[in-house]
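Here the structure is laid out as structure tokens; the discussion comes afterwards.
The values are calculated or read from the model by the stated rules, or taken from the named source; none is laboratory data. Just so it is clear, the structure is predicted and the values come from calculations on it, not from any experiment. Cβ coordinates were reconstructed from backbone atoms using ideal geometry, including for glycine residues, and neighbour counts include every protein chain displayed.
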């Protein structure tokens, strides 16, 4: 949760949209798609919405 908070803070400070920046970083530093299943409830508690990661999964859902 703390990491997500700081990530959003730094993105806001730099005028960057957090979900788009997360996706760009994943594409730059990881090979292949993110593999589900995702623990949506736990991620939501940390402030990470499906918009951050669903587009990076094979089905995009």
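Let's see how each residue does on (1) modelled with pLDDT under 95; (2) touching a helix residue (DSSP H, G or I) at 6+ places or on another chain (Cβ under 6 Å):
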{"position": "3", "(1), (2)": "yes, no"}
{"position": "14", "(1), (2)": "no, no"}
{"position": "18", "(1), (2)": "no, yes"}
{"position": "22", "(1), (2)": "no, yes"}
{"position": "25", "(1), (2)": "no, no"}
{"position": "32", "(1), (2)": "yes, no"}
{"position": "35", "(1), (2)": "yes, no"}
{"position": "47", "(1), (2)": "yes, yes"}
The correct count of residues that are surrounded by 12 or more Cβ atoms within 10 Å (Cβ to Cβ) and either touching a residue at least 12 places away in the same chain (Cβ under 8 Å) or in contact with a strand residue (DSSP E or B) (Cβ under 6 Å, 6 or more places away or on another chain) (or both) in the range 28-45 is 4
